[in-house]
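Since the structure comes first, as structure tokens, the remarks are kept for the end.
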Amino acid sequence: MASIPQAAVVSCAEVHPAKALNRIQIGERGEIVSRRAIGVVANLLRHIAQREVETVGKMLNWGPEAFSVEESRNSAGPGNIVMIEIGSSEVTEIFSAFGQVGLSAEKVASIAARDARGYLVSRAAAGEHLTDQLLLPLALAGAGSFPAEKINMHARTNMKIISEFASAV
């Protein structure tokens with residue numbers, strides 16, 4: 001039996017519209033039930049991702065059981081990312097930082113870990129970047145609430161744009 005080349009495999013998602021949007025009500029984040037630090041390298045040495053997850057582990061006081069390293073050789077170019085996934089009973093948050101030329105693996109990891117640490121001490125369900133993403137579904141549903149770690153300029157701009165659309169209707 002012939003195998004299908006990896007590049008020929010196509011993923012497809014089927015999306016069906018909801019009949020109605022329900023109020024989004026998210027309470028306090030709740031107990032942390034899962035945590036992972038994932039280092040990904042594309043056409044770079046594996047030890048870069050390993051250094052990233054180890055740095056996250058030191059900064060967040062996590063053991064190696066939370067570490068994962070992934071490698072890709074099928075990328076158009078080189079690159080690296082570290083992702084920190086924190087799951088709770090209410091929500092799963094992901095913090096990430098991308099490698100850049102001249103930026104050490106440890107510095108990349110410290111950027112993501114700093115954001116994750118801020119989220120962990122806040123007890124909020126939504127971190128800084130998830131906050132602005134939840135605003136539109138909340139507005140479309142017409143009601144809801146969630147505790148946010150931080151309202152940044154992006155979220156404030158999003159709120160302003162949503163209110164402009166709402167007043168135009």
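With all pairs of separate Cα atoms included, the range 25-125 yields a Kirkwood hydrodynamic radius of 13.8 Å.
Given a cut-off of 12 Å, what percent of all Cα-Cα pairs of the range 126-169 lie beyond it?
Numbers: 548 of 946 pairs.
Here the tail beyond 12 Å accounts for 58 percent of pairs.
Subtracting the Cα-Cα distance of L45 and I24 from 0.36 nm times their residue separation leaves 3.3 nm of extension gain.
What lysines does K58 reach when the alpha-carbon gap must be under 22 Å and sequence neighbours fewer than 8 apart in one chain are set aside? The reachable lysines, counting only those whose Cα sits under 22 Å from K58, are K107. Subtracting the Cα-Cα distance of T157 and E71 from their residue separation scaled by 0.36 nm leaves 27.3 nm.
Express in whole angstrom the spacing between the alpha-carbon centres of the range 32-61 and the range 89-138. Going from one Cα centre to the other spans 14 Å. Working note: 222 nm ellipticity from helices only, DSSP H runs with n ≥ 4, each -39,500 (n - 2.57), summed and divided by the residues of the chain, gives -12500 deg cm²/dmol to the nearest 500.
Over the range 25-125, what is the percentage of antiparallel beta bridges among all DSSP beta bridges, to the nearest 5? Percentage antiparallel, nearest 5: 75.
Every number in this text was worked out from the coordinates using simple rules, so none of it is lab data. Because the structure is a prediction, the values reported are computed rather than measured.
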